[in-house]
1. Do you know which residues across segment 175-190 are more than 26 Å from Asp125 (Cα to Cα) and outside any strand (DSSP E or B)?
2. Kindly indicate the residue of segment 172-196 that is open to solvent by 20 Å² or more (accessible area, probe 1.4 Å) and aliphatic (A, V, I, L, M) and also farthest from Pro261 (Cα to Cα) among those meeting that condition.
3. Take Leu157 and decide whether it is at pLDDT 90 or above and open to solvent by 50 Å² or more (accessible area, probe 1.4 Å).
4. Taking the condition of being surrounded by 15 or more Cβ atoms within 10 Å (Cβ to Cβ) and at pLDDT 90 or above, how many residues in segment 253-266 meet it?
5. For Asp89, are the conditions met, namely being closer than 27 Å to Cys264 by Cα and out of contact with any Phe, Trp or Tyr (no Cβ under 7 Å at 6 or more places or on another chain)?
6. Of all residues being among the hydroxyl-bearing types (Ser, Thr, Tyr) and out of contact with any Pro (no Cβ under 9 Å at 6 or more places or on another chain) in segment 160-191, which is modelled with the highest pLDDT? Just the residue, please.
7. Taking only segment 40-61 into account, find how many residues are of a type in the set (S, T, N, Q), buried (at least 16 other Cβ atoms within 10 Å of the Cβ) and in contact (Cβ under 8 Å) with a residue 60 or more places away in the chain.
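The values are calculated or read from the model by the stated rules, or taken from the named source; none is laboratory data. The model shown is predicted, which means the values in this text are computed figures rather than measured ones. Every residue, glycine as well, gets a Cβ built from its backbone with ideal geometry; the counts of neighbours run over all protein chains shown. These accessible areas exclude ligands, DNA and RNA; they are computed on the full protein's heavy atoms, side chains included. Shrake-Rupley method; radii C 1.70, N 1.55, O 1.52, S 1.80 Å.
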Amino acid sequence: MKSNFKYIFGLVLLVLGIAACEDSDKNPLNVFELDDSAAPYVRILLDETIVAKGDLASSTFSGTVDDPSDNVASWELSVTLESGGVSTDTVQLATITEFPSDISIPYTDIASALGITVDDISGGDFIRFLGKSTGVDGTETTVENYSATVTGQPEQLQAFNFIVLVKCSPISGTTVPGTWIIEMQDLFGDGWDGAFVTFEIDGVATDYTFTAGDAATFNVDVPEGTSELVISYTSGAFEEEHVYTIETPEGEVLGPFGPNPSPCIN
């Protein structure tokens, strides 16, 4: 019996030892709990996390960067653009050495740093920001230091890996309330292969598509009093087959869009 007890006890110690090593390998960020060894943690509160494509030329990426443990010497901000699942090279944007600090960078400057213009950024793209902090003791922290346990930051505001979503701009220059008509065509004749058009009416989105045949028509009633209408396209497979037009309540036909339609119609 004693021999079995020793065996079981030893096995428990071995399991605990392995678990401890795994936890150590995870390198969790202790933010507030350890006064003399807290990680150089930085958080950012953005003014806006969504920007309309049509506003990129006149809008600014802005927010406030803070150092909750007062132990960060510098924070480097880099950026990449994710479009259609493909990311550009990551380039450095700014370095902050005083906390708290306001940050303000025009999206035109961000695009220029990426070697493009704001016209090259589409609705549905993500502008991803990556941060690296250096502590007063020289310790460097990036998103790679993260684990399942990040202590001291329950609201999950963090300045190491975050995004701004680019969305399509609201429809303008025409009457919005009334009946809009979507005419869809598939050049191969087998439906839209997972693609769809979205009408977002004052924040409420409805998707329209068809799964068989060569064409489909949808009437979309936009009620009186609507303040914002956003129309967007989400791709599927065989994009070279998809074409559509949209008729406004005034009878103006927009398009044709496609083959290979863009995410935004304006």
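1. Thr175, Pro177, Leu187, Phe188, Gly189
2. Per the stated criteria, the residue is Val176.
3. no
4. Residues flagged as surrounded by 15 or more Cβ atoms within 10 Å (Cβ to Cβ) and at pLDDT 90 or above within segment 253-266 amount to 4.
5. yes
6. So, considering only residues that are among the hydroxyl-bearing types (Ser, Thr, Tyr) and out of contact with any Pro (no Cβ under 9 Å at 6 or more places or on another chain), the one modelled with the highest pLDDT is Ser169.
7. So the answer is 0.
So that you can scan it fast, the table gives a plain yes or no per residue for (1) without any contact (Cβ under 8 Å) to a residue 24 or more places away in the chain; (2) out of contact with any strand residue (DSSP E or B) (no Cβ under 8 Å at 6 or more places or on another chain); (3) within 18 Å of Ala38 (Cα to Cα):
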| site | (1), (2), (3) |
| --- | --- |
| Gly63 | no, no, no |
| Ser101 | no, no, no |
| Leu114 | no, no, no |
| Thr117 | yes, yes, no |
| Glu140 | no, no, yes |
